[in-house]
Amino acid sequence: MIPKLFIYDTGDKDNKDQAEGRFDGSDHVVAVPVADEEQLLAALDRLVSVNAVFDRVLVQTHGEPGELKFSEHYIGALTLNLDFTKGQYHKLFPFYTRIYFDGCNVGKGSSGTEFLEAVGAIFLRLMGGETIAWESYGYGFDSWLPFIGGHTIHFSGGLKKFRFGPGGVRLPDPPPFNWETDTKKDWVGNKM
């Protein structure tokens, strides 16, 4: 089984409390606790150097529209394009990969779109995948709470999701699914 990459902010007590114990005992999760961009780049470089591979990523931080917050440091589309394109981070994701950001408002507005597109172009160049982020505020629950502990719950707002093909090229959205017309069957002759 291919492990999940779990990146979380250690510079914020809420995120740290939420992350601790979230995946305790799981051999299928590689945790990357970091407090700023430099630590994140160093951790990703280490993973590339040992040929680690993943097909799922959870990034747990506070957020703003189009930005992740590690302590008091922000990472947005511009930072990704300036600092993360230099690494070989796409090698970490040789399979179709889903990258999920649970922070508040990360996917909101045009800056959220730019951020998710930059992530896809940089990290999903080999086999493509999906970038996913919330457009609303969420509430993180400490990991010790039963059932919902360790999760961020978003009670409102939409989830923004983009698909990417090989080369990190954004794919068009699929046509919307209409339950009334797309689930009808022709009941003709022997098809009863």
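Quickly rank 127-133, 171-177 as a protection proxy: mean count of other C-beta atoms within 10 Å, highest first. Mind dumping the intermediate values first?
Details: 127-133: 22.3, 171-177: 8.0.
By packing density, highest mean first, the sequence is 127-133, 171-177.
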Inter-label distance, nm, simple model (7 Å from Cα along the C-beta direction), K91/V53: 1.3
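Rounded, prolate or oblate: pick one for the range 1-93, where a ≥ b ≥ c are the square roots of the eigenvalues of its C-alpha gyration tensor, a/c under 1.5 means rounded, and failing that, prolate if a/b is larger than b/c, else oblate. Spell out each step's value before the answer.
On the way: a/c = 1.92, a/b = 1.05, b/c = 1.83.
Verdict is oblate for the range 1-93.
Among residues other than G66 whose Cβ falls under 11 Å from its Cβ, what is the net charge (Lys/Arg +1, Asp/Glu -1)? Don't skip to the answer; put the middle values down first.
Values: positive: K108, K160; negative: E64, E67, E114, E117, E135.
Charge balance near G66 sits at -3.
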Stretch gain in nm, segment L41-D173, where the contour uses 0.36 nm per residue and the Cα spacing is subtracted: 44.4 nm
Exposure proxy check: W134, W179 ranked by fewest other beta carbons within 10 Å? W179, W134
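Counting only other residues whose beta carbon sits under 14 Å from that of N105, what net charge do I get with K and R as +1, D and E as -1?
Values: positive: K69, K108, K160; negative: E64, E67, D102, E114, E135.
So the environment of N105 carries a net charge of -2.
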Give, as ranges by residue number, the residues of the range 88-108 whose backbone N falls under 17 Å from the point 7 Å along Cα→Cβ of D14. 101-108
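Assuming a ≥ b ≥ c are the square roots of the Cα gyration tensor eigenvalues, decide whether the range 25-66 counts as rounded (a/c under 1.5), prolate (otherwise, with a/b larger than b/c) or oblate. Walk me through the numbers before you get to the answer.
Values: a/c = 1.95, a/b = 1.31, b/c = 1.48.
Verdict is oblate for the range 25-66.
Every number here is computed from the coordinates shown, using simple stated rules; none is lab data. Model, not experiment: these values are computed from the prediction. Please note: Cβ atoms are built from the backbone with ideal geometry, for glycine as well, and neighbour counts cover all protein chains shown.
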